[in-house]
Amino acid sequence: MFWQPDHIELCPPIEEGQCSCCGRHVSQRYAGFLKAKFSFAVEGLWPHPHSPRLIQIKKGEVEEKFLAFTTPAPSWTQISRVLVNRAADEINKTTAGHRPAAVITQNQELFAPLPLQLLIGGYRNNQASILERRHEVMMFNQGWQAHPQVIEEIVRAGLEHKTALRKALFTFVEGVKSSDVKGAGVAVHEVAEREYYRQSDMLIPRQLASISMDNTQNAANLNELIGDLQRLCIRLFEQTTAPYSHHPKLVKALAIARRSLHKHLAELKQSQGEHYAV
């Protein structure tokens, strides 16, 4: 009933009791509602209680839009935008932010510090055509409300390792023109990215569901995740380049790309401030 504005009249209240939606005891409940059709004109954004919003400041003007599926990437890549509130502040040169849906804010207020089971659903469209229907269930361990930085660290680690793998393989695809090094010319970086998302979709959500967010143990859990992601990147690099590894004209490109991957992974290790065995 929230897909468009409506005139809604709540039916007369009934006795106190347990809310059938959230389960809390309340002093006043409503048995139903009446709805009337009417003509309307909407200016600006109509906030939907189930939809996160993206905020951007352009030339001093604040723009808001709803978060949506625009790529085949799994939901974990966007989960910090779903759960974490980040203000856009032009003064501090933070021109992009995001705001969780009202149901998430309500959960933070009423059910902290309990774990969260979240159903994420939506469509990926191309104009009027539906390309993909998405319905995913994600779980978050207790304490997620008070430790949003842990969620952001996990998501950032997953995305940064995907980028490292893609950059290295793109070098293998394109070669190095300034050094006259021939590339493979086959888009193996696209293949590896899809496979990275498929396999990391078993690593990232598991970490979000199990990590101890409010104690020092989360550092060890993050270290373990980084090690898993680094091994995944190396394995996918070798798998996607294996068919070309014995081609004489591609030996240099492969060596440069492999060195690039290990360089990026080493930088990610350093940025974490820990040593991860690969």
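The values are calculated or read from the model by the stated rules, or taken from the named source; none is laboratory data. As the structure is a prediction and not an experimental result, all values here were calculated from the model. With ideal geometry, Cβ positions are generated from the backbone for all residues, glycine too; neighbour counts draw on all protein chains shown. For accessibility, only protein heavy atoms count, side chains too; no ligands or nucleic acids. Shrake-Rupley method; radii C 1.70, N 1.55, O 1.52, S 1.80 Å.
Across the options L250, L229, S260, the greatest Cα extent toward the positive end of the charge dipole of region 223-263 (unit charges at beta carbon of Lys, Arg, Asp, Glu) belongs to L250. Computed extension length for E267-K58: 72.0 nm, one decimal, from 0.36 nm per residue of separation with the Cα-Cα distance subtracted.
Bridgeable lysines around K59 (alpha carbons under 24 Å apart, same-chain partners fewer than 8 residues away excluded): K93. Computed over the chain, the per-residue total of -39500 (n - 2.57) for DSSP H runs of n ≥ 4 gives a 222 nm mean residue ellipticity of -13000 deg cm²/dmol, rounded to 500. Cross-link pairs exceeding 19 Å between alpha carbons, from the set K182/K252; K167/K269; K167/K252; K58/K162; K37/K65; K35/K65: K58/K162; K37/K65; K35/K65. Each of the peptides 42-50, 251-259 was scored by the mean count of other Cβ atoms within 10 Å over its residues; in descending order, highest first, they stand as 251-259, 42-50. FRET efficiency for the K252 to Q127 pair, using the beta carbon distance and R₀ = 45 Å, is estimated at 0.55.
At 1.4 Å probe size, with the rest of the protein present, what percent of the exposed accessible area of the chain is carbon and sulfur atoms? Here carbon and sulfur together make up 52 percent of the probe-accessible area. Straight-distance candidates among the aspartates and glutamates for linking to K263, with alpha-carbon spacing under 20 Å and chain neighbours fewer than 8 residues away dropped: E160, E174, E193, E224, D228, E238, E274. For the chain, the percent of C-alpha pairs falling in each 5 Å distance bin, counted from 0 to the bin holding the largest distance, reads 1, 5, 9, 11, 13, 13, 13, 11, 8, 5, 4, 3, 2, 1, 1, 0, 0. Heavy-atom accessible surface of region 1-73, averaged per residue, reaches 82 Å², computed with a 1.4 Å probe. Candidate membrane-span-like segments in the chain, meaning DSSP H helices with Cα atoms spread over at least 18 Å of their own axis and a Kyte-Doolittle mean of -1.0 or above, are 148-174, 217-241, 251-272, with no membrane implied.
Between R259 and L110, the simple spin-label model (points 7 angstrom out along Cα→Cβ) gives 5.9 nm.
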